[in-house]
Amino acid sequence: MFGIGWPEIVALAVIALLVFGPEKLPQAASQAGRTLRQLRQMANNARSDLEANLGPEFKNFDPADLNPKAFVRKHLLDDVEKDWNSPEPEPLEAPVPAPAAMELTNGEIPPYDNEAT
């Protein structure tokens, strides 16, 4: 959970007790809980409104896919993982034989291709 361990939680509780005091700490905790619940409800309502207004073309749309890391993983790396996990490798094409090398005589200038450069 957010990379916070027990020592950090205890430190935050002590700081909250010092800042709010023992009489206002329960009220502050309940207010924080209400605010978190409202934020979750707003996020769920926004997601449902988005899904309802996008139409049937985007039925399987997931806003988490808009994260660049998730996008790359889903659209680019899935094919790589499938290739690595496939039980049978695809057969390789037969290598194309190289053309016979032309041997030059002493002092002969090699051919030059204007389109190659």
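The values are calculated or read from the model by the stated rules, or taken from the named source; none is laboratory data. Please read all numbers here as calculations on a predicted model, not as lab measurements. Reconstructed Cβ throughout: ideal geometry from the backbone, glycine too, with neighbour counts over all protein chains shown.
Given LEU25, LEU36, LEU12, LEU17, which one is loosely packed, with under 11 Cβ neighbours inside 10 Å, assigned to a helix (DSSP H, G or I) and at pLDDT 85 or above?
Unique residue meeting the criteria: LEU36.
In the set (1) surrounded by 10 or more Cβ atoms within 10 Å (Cβ to Cβ); (2) among the aromatic types (Phe, Trp, Tyr); (3) at pLDDT below 75, TRP84 fails one condition alone, (1).
Restricting segment 39-78 to residues that are not polar (S, T, N, Q) and not in a helix (DSSP H, G or I) leaves a set whose member that is nearest to the chain's Cα centre (by Cα) is ASP62. Taken as a whole, segment 99-116 holds no residue that is within 25 Å of the chain's Cα centre (by Cα), at pLDDT below 85, surrounded by fewer than 10 Cβ atoms within 10 Å (Cβ to Cβ) and not in a helix (DSSP H, G or I).
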